[in-house]
Amino acid sequence: MTPSTFVVRIIRCANGTWQGRIGHTQTGEMRPFQSCLEMIKIMDEFVGTGRQVERETRRDADQWSTSFRG
């Protein structure tokens, strides 16, 4: 995995979580976020690990469903 650098601007804190904007310095792309979880998901998308996790989850689900077939 290639290292990534992010710029996070917290605009406000409401409902016990942060809202703001996150920027990926390698691509120059900026995105708004409404919660810390959303910010982490955006970071995951930028570095590309989200796709790998989706593939692994789908593969595991497929294996699980085939193991219970009669």
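Can you tell me which residue in the range 18-48 is farthest from the chain's Cα centre (by Cα), limited to those that are β-branched (V, I, T) and surrounded by 14 or more Cβ atoms within 10 Å (Cβ to Cβ)? Give the derivation first.
Let us first name the residues in the range 18-48 that are β-branched (V, I, T), namely 22, 25, 27, 40, 42, 47.
With surrounded by 14 or more Cβ atoms within 10 Å (Cβ to Cβ) added as a condition, the list becomes 22, 42, 47.
Numbers: I22: 12, I42: 4, V47: 9 Å.
Taking the candidates together, the pick is I22.
I need a count of the residues in the range 20-34 that are of a type in the set (S, T, N, Q) and in contact with a helix residue (DSSP H, G or I) (Cβ under 9 Å, 6 or more places away or on another chain). Before you say what the answer is, go through the steps one by one.
Of all residues in the range 20-34, those of a type in the set (S, T, N, Q) come to 25-27, 34.
From the residues that got through so far, the ones that are in contact with a helix residue (DSSP H, G or I) (Cβ under 9 Å, 6 or more places away or on another chain) too are 26-27.
Counting residues in the range 20-34 that are of a type in the set (S, T, N, Q) and in contact with a helix residue (DSSP H, G or I) (Cβ under 9 Å, 6 or more places away or on another chain) gives 2.
Laboratory data are not the source of any read-out in this text; all were calculated from the coordinates shown. The model shown is predicted, which means the values in this text are computed figures rather than measured ones. As a convention, Cβ positions derive from the backbone with ideal geometry for all residues, glycine included, and neighbour counts pool all protein chains shown.
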